[in-house]
1. Name the residues in the range A:25-77 that are assigned to a loop (DSSP other than H, G, I, E, B) and hydroxyl-bearing (Ser, Thr, Tyr), would you?
2. Under the condition of being within 16 Å of ligand 2 (Cβ to nearest atom) and away from every other protein chain (no Cβ under 12 Å), which residue from the range A:155-172 is surrounded by the most Cβ atoms within 10 Å (Cβ to Cβ)?
3. Out of everything in the range A:105-124 that is exposed (fewer than 15 other Cβ atoms within 10 Å of the Cβ) and closer than 17 Å to residue B:173 by Cβ, what residue ends up being farthest from the other protein chains (Cβ to nearest Cβ)?
4. Quick one: what pairs do we get from the range A:227-244, first residue surrounded by 14 or more Cβ atoms within 10 Å (Cβ to Cβ), second charged (D, E, K, R), C-beta under 7 Å, 6+ apart or different chains?
5. For the range B:384-490, which helices (runs of 4 or more DSSP H) that fit wholly inside it have 3 or more residues that are open to solvent by 50 Å² or more (accessible area, probe 1.4 Å)?
6. Checking residue A:52 against (1) in contact (Cβ under 8 Å) with a residue 24 or more places away in the chain; (2) open to solvent by less than 10 Å² (accessible area, probe 1.4 Å); (3) within 12 Å of another protein chain (Cβ to nearest Cβ), which test does it fail?
7. Given the condition under 16 Å from the mean Cα position of the chain (by Cα) and more than 20 Å from residue B:485 (Cα to Cα), answer yes or no: does some residue in the range B:383-395 qualify?
8. Taking the options B:567, B:522, B:529, name whichever one is outside any helix (DSSP H, G or I) and open to solvent by less than 30 Å² (accessible area, probe 1.4 Å).
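The values are calculated or read from the model by the stated rules, or taken from the named source; none is laboratory data. These numbers were taken from a predicted model, which means no experiment stands behind them. Because the Cβ atoms are built from the backbone with ideal geometry, glycine has one as well, and the counts that use them run over all protein chains shown. Calculation scope for accessible area: heavy atoms of the full protein, side chains included, ligands and nucleic acids excluded. Shrake-Rupley method; radii C 1.70, N 1.55, O 1.52, S 1.80 Å.
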Amino acid sequence: MTRLEPPVLELEAVRAAYGPYRALFGVSFSVDRGAAVALLGPNGAGKSTVARVASGLVRVSSGSVRVDGRDVTGEPAWRIARAGLAHVPEGRGVFDSLSVEENLVLSFRRRAGRGEVSTSLERAYERFPALGQRRHDRAGALSGGQQRLLSLAKVLVAPPKVLIADELSLGLAPSVIDDVYAGLADARRSGTALVVVEQQIDRALALASSAVVLDRGAVVYFGPAQGARAVAEEVVARRHRVEEDAATQVGPGARPPAGREGRT
Amino acid sequence: MEQLLGFAVPGIPYGCAYAVFAVGLVLTYQTTGVFNFGYGAQAYASAFVFAWLVENHAWPTWAAFLCSVVILGPGLGLVFDRFLFRRIPSTNTTARVVTGLSLLVGIPALLPVIFGNGNLVGAPSIVFNPDTVYFHLGSDVPVNGIYLSAVLFAVVMLVVLVLLLRTTSLGLEMRAGVESRRLLELEGVNAPRVTATAWALCGLMAGLAGVLLAPTEVTVQAQDYVTLMVAAIAAAACAALRSMSVAAVVAVLIGVVSLTAQGYLPTSSFWYSAVLPAFPFLVLVGALLLVPGLRRLDEAKDPLSSVDPPPPPPSSRLRGREIDWIVRTGFWVLLFAFVGSMLTWMPPSWETVLNQGMAYSVIFLSVTLLTGTAGQLSLAQATLAGIAAFTAGQLARHVGLDFLAGAVLGALAASVVAAVLAVASLRLRGLGLALMTLAAALLFDVAIFPAQAVSGGTGGITLSSSWLPLDLFAPDGHAYFLLALLVLVVCAGGVALVQRGTVGRFLAAMRGSELGAAGVGVNLPWQRVLAFALSGALAGVGGALLAIQQTVIAPGEFNYQLSLAFVVIVLTTGVGTVEGAIQAGIGLVVVEQLLQYAPQRLQGLTFVLFALGALTYAAHPEGIVELEKRRWTERAERVLAHRHRSPATSSVGPS
Ligand SMILES: Nc1ncnc2c1ncn2[C@@H]1O[C@H](COP(=O)(O)OP(=O)(O)OP(=O)(O)O)[C@@H](O)[C@H]1O
Ligand SMILES: [Mg+2]
């Protein structure tokens, strides 16, 4: 891949906050076209916030976000989505009150175009037969795993330029996780760049070419996937030690320190 | 058979009128996620402007139609969206209900202020001539233009909207946007525009409904739209706010059944005078008790709500020691100054006004406890106040009981009614609970308070000074003031104690998250009944106090509109704290009194002002007074921190 092409996603010195609570302190990294990046870090490190900043759900306080070379800082989420970024959020990412088919139709009309809806539906049901069987059920009635598959199916049929998947495997049975990761690998083969947020370091690193490790809202590692494991494990272990220290110093029942969040 | 037809057929256009509104309510709920209490008011606004242009300014019908329906209708919808509902997070049901209510209260009050004269006679009809009999049903049931336009409009509207919602991509996006606008944006859909379109569409429908149905009533009156709205709400509730067709069918049935019954029942019977007017409310209560879909109304949550920052802490929590001391001292100084002024130099007219404000404050404390602390929305607080006042009045009149003793029994009665209401609505939450309490309030307004045995008819009960132990009516004495002060201090202290005590913790936990509260062992049903009972008692005490101040207890003093206004007022000033209730009570009467000095036209503006307050409520659910207090506290803390050069505890940098 030549370096002439701009990265498909690029964050530069991004700071972000939830109201008065600051969450990111100058995060920078980039994702090359067709690459797969694992986004690692302990709980509360800011992984989901990075994903939300990239997709426009959370406004940046300073810094910039570029998608496919275009500066999208401060733009509404729907514009960023149209620029080619898909974000499968943490937890439930489907419309509960709509049927499975309506969920897919809603997506395909935008991503694949109106004329392509029915062929896209066929392809989705072929790739995920479980969804085909339940096409007329409310999405809220699906199991957690099926819901994740549905949110993947929404994006996989017309692959976006970059897909951010936030903890897709959380709470799923191992066999379902295999399905989900197979879907991600498919996407990558069709040219989509991936940003995979994951608690299960092994799963993510197996898929990824490079990795970003976050701690307390800042990047502590950005480089090849091989070097990331040690850093990620170290960061998590340090976090545990800090929490244990706090617990023994202040006595049982004391809350761990709130990390970097503080009122501005 | 002929007779039955003769009674039932005139019910169809009424039913269709209800249906038009019921479908509109379901449409708004399905496309915007808001149960728009203000829908009837929107329709009324269009009808009003239409009639005003045609009657007072001799505009041609088409131009007036263009202006009032095609422009004003969607325009109002867009304004509601842009300035009110867009700012309210979808999880905040209370804010949505209250905003809708303030539109319901505010718009009919605002129109006369803008246009003058509130009741315009004979709005002209659009499609069919209302007086022409077009054909006969059976042998001699005449079908005139009003009937035709209502039926036609209802049918066309229903078909068009069902098709729009079920088959078009705009309909799909609207329904998706209700569940989560953020998720819809992630699909690349311009969600704000979809929602705005939905509001414009609903506004257009409301405007059409208002203008097309205006000729069914002789005059364009706000009251007609309220009756209409209740039937429509009942029908929409029967359809679980989901199916427009079911809502339409139920609405037609309500119209037909009431008119048929009206034809058959003897006019002097109890059924005719009490049960018939209450019929739509009974349907509503029945739906709320029986339709399972209504229990799950607020359950579909936005999966991306975790993106919102948590609400700010109350100002009292932010205060440091020094400012706390200043505030407390200031409070006592103010209290003494207030009592001193009232006893010495305050002119009697203002003393009366402030006395009334104190009585209102006690009623408002019941809102603080129920809504502010326990998070339960009740739209029947004025009704509860009325129950206590009428009980005390009737006991004094018939048994010769001292009015103050009667007031205690009355508060007890109000408390029992509130508890019964709570038990009846145990399975409802949020919007469902609001509707249930609204139905109860309307039921009392229509069927119970007007009864001779309860209120002594429309004139009400006049208090006699012999019912009271103290000389409370003495014009220049301060007896009433001292009584009101005592009651207010005891009630305010009581609420503050409850808030701080165990019960308050349980109630606050329930407000935060019912599921979470149940998880840590809070007995939810019991806490809820308790909160309602306590709040009912407070409202009752306040109601009796108000009755003494007014010397006449009239049914109109405790109607549902007042309940709505109460909730709106307390929520906009600050529902979390005892001070909030007192500020609301005093603020209400002071504003009302100041408006006395304003031109005649502006006199009805009090409610409009507080409805405007709801505009700020949408952005600041903690209430404007509370918001300002927090801002000032923060400012003061900054100044202090600066002076002391102490390290600012409130900023943690990324060092
Ligand atoms: N809605 C919110 N309001 C306030 N603070 C928030 C909010 N969401 C997240 N935070 C804070 O921002 C920081 C980063 O959170 P984030 O959810 O991005 O972490 P994460 O790495 O995704 O953690 P997890 O592994 O638990 O998903 C945390 O300190 C968290 O408490
Ligand atoms: Mg996360």
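1. Hit for the range A:25-77 is A:73, nothing else.
2. Checked the range A:155-172; the qualifying residue surrounded by the most Cβ atoms within 10 Å (Cβ to Cβ) is A:165.
3. A:113
4. A:235/A:215
5. B:403-424
6. Evaluating residue A:52 over (1) in contact (Cβ under 8 Å) with a residue 24 or more places away in the chain; (2) open to solvent by less than 10 Å² (accessible area, probe 1.4 Å); (3) within 12 Å of another protein chain (Cβ to nearest Cβ) leaves (2) as the failure.
7. Yes.
8. Only one candidate passes the filter, namely B:522.
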